[in-house]
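The values are calculated or read from the model by the stated rules, or taken from the named source; none is laboratory data. It should be emphasised that the depicted structure is a prediction, and the values quoted were computed from it without experimental measurement. FYI the Cβ positions are ideal-geometry reconstructions off the backbone, even for glycines, and counts take in every protein chain you see. Just the protein is used for accessible areas: all its heavy atoms, side chains included, with ligands, DNA and RNA removed. Shrake-Rupley method; radii C 1.70, N 1.55, O 1.52, S 1.80 Å.
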Amino acid sequence: MPARSRWIALLVALAVSVLAGCSSGGSAADRNPGDKITEDEAQTLAGLLHRNYTAGGADFTITAPYAEGTVLTLTGEMDFRQGIGRAQAVTTYGNGQPDDTRTLFFTTADLWYGDVPGLTEAMAAAGRPGTTYLERPIASTQANGTASLVDVLVQLLPNLSQRADDDPRSFLERNYTWQGQRSVDGQLAAAYQTGNGATIVVSAESKMLLQYTTRLPDQTFEVTINLSDPGTRTITVPGEAETALASDYPQVAAELGF
């Protein structure tokens, strides 16, 4: 898919773009935050997502402070080639309420929830003993027209990979700017801003994406994705014996908040 149509499609589907770059020419001392990207940086941008695909996968952390004192954090690993991920999802509260923890597996189409209090007991009572996961399709919106934050976050990750480079010329036509240098996990990195205000931080040495921050549409909070330890990942989603479809057990799903 041409570079422009791919990113427009991603904006429509997820309402964010996921791109990055770093400088391979010029000194930081010669530049000011807000300067346009260079041709070298456009070349880096064009190959960013393909580098994730070539690496195979990465560890990730996503943080979303979606309410006052409340933060949803997903920590796990992603297989970029197969589009499969797993994570521990922890919601922390600032009012003394205990953390809420779930185990997630996801593909580009489906989402599995585990470690749900009462799930095994409720499924045993429904005639499915041994069930530890409920599976449902990933949805961009719920019945009330709002988006599930977990669904939005797990849809972002597979789109950080693609099978081929983009056209560098397309990035020069957009309002991408250099925002300076910084350190992320001890790595020297370059920061960039996209035309829609997202911030991208890329390793100066490996040219791999280290951090991506964006504000979701119609929201007041920012979501931050950190990637680390790129390399091959093999992730297997829960099997049929331990999984039930949420749609087959609507009463249990409703009682447990699915």
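If you go through the stretch 165-192, how many residues are open to solvent by 20 Å² or more (accessible area, probe 1.4 Å), modelled with pLDDT of 90 or more and either touching a Gly at 6+ places or on another chain (Cβ under 6 Å) or part of a strand (DSSP E or B) (or both)?
Residues in the stretch 165-192 being open to solvent by 20 Å² or more (accessible area, probe 1.4 Å), modelled with pLDDT of 90 or more and either touching a Gly at 6+ places or on another chain (Cβ under 6 Å) or part of a strand (DSSP E or B) (or both): 7 in total.
Conditions (1) modelled with pLDDT of 95 or more; (2) open to solvent by 50 Å² or more (accessible area, probe 1.4 Å), marked per residue:
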residue: Arg4; (1), (2): no, yes
residue: Ala13; (1), (2): no, yes
residue: Val18; (1), (2): no, no
residue: Ala46; (1), (2): no, no
residue: Leu49; (1), (2): no, no
residue: Gly69; (1), (2): no, no
residue: Leu72; (1), (2): yes, no
residue: Glu77; (1), (2): yes, no
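Can you spot a residue in the stretch 108-122 that is under 30 Å from Asn52 (Cβ atoms), touching a Gly at 6+ places or on another chain (Cβ under 8 Å) and either touching a residue at least 60 places away in the same chain (Cβ under 8 Å) or open to solvent by less than 50 Å² (accessible area, probe 1.4 Å) (or both)?
Within the stretch 108-122, none of the residues are under 30 Å from Asn52 (Cβ atoms), touching a Gly at 6+ places or on another chain (Cβ under 8 Å) and either touching a residue at least 60 places away in the same chain (Cβ under 8 Å) or open to solvent by less than 50 Å² (accessible area, probe 1.4 Å) (or both).
Got at least one residue in the stretch 144-156 being without any contact (Cβ under 8 Å) to a residue 40 or more places away in the chain, under 23 Å from Glu240 (Cβ atoms) and either open to solvent by 60 Å² or more (accessible area, probe 1.4 Å) or not aromatic (Phe, Trp, Tyr) (or both)?
So far as the stretch 144-156 goes, no, none of its residues is without any contact (Cβ under 8 Å) to a residue 40 or more places away in the chain, under 23 Å from Glu240 (Cβ atoms) and either open to solvent by 60 Å² or more (accessible area, probe 1.4 Å) or not aromatic (Phe, Trp, Tyr) (or both).
Collect the residues in the stretch 32-61 that are outside any loop (DSSP other than H, G, I, E, B), acidic (Asp, Glu) and touching a residue at least 60 places away in the same chain (Cβ under 8 Å), keeping them in residue-number order.
Glu39, Glu41, Asp59
Consider only pairs whose beta carbons are under 6 Å apart and that are at least six residues apart or on different chains; among these, list those whose first residue lies in the stretch 242-258 and is open to solvent by less than 50 Å² (accessible area, probe 1.4 Å) and whose second residue is hydroxyl-bearing (Ser, Thr, Tyr) and part of a loop (DSSP other than H, G, I, E, B).
Between residues of the stretch 242-258 that are open to solvent by less than 50 Å² (accessible area, probe 1.4 Å) and residues that are hydroxyl-bearing (Ser, Thr, Tyr) and part of a loop (DSSP other than H, G, I, E, B), the close pairs are Ala244/Thr131.
Among the listed residues Gln219, Gln155, Gln211, Gln162, identify the single one that is part of a loop (DSSP other than H, G, I, E, B), of a type in the set (S, T, N, Q) and under 23 Å from Val71 (Cα atoms).
Gln219
Given the structure, is Val201 in contact (Cβ under 8 Å) with a residue 60 or more places away in the chain, out of contact with any Gly (no Cβ under 8 Å at 6 or more places or on another chain) and buried (at least 18 other Cβ atoms within 10 Å of the Cβ)?
yes
Among the residues of the stretch 131-138, is any open to solvent by 50 Å² or more (accessible area, probe 1.4 Å) and out of contact with any Phe, Trp or Tyr (no Cβ under 9 Å at 6 or more places or on another chain)?
Looking through the stretch 131-138, at least one residue is open to solvent by 50 Å² or more (accessible area, probe 1.4 Å) and out of contact with any Phe, Trp or Tyr (no Cβ under 9 Å at 6 or more places or on another chain).
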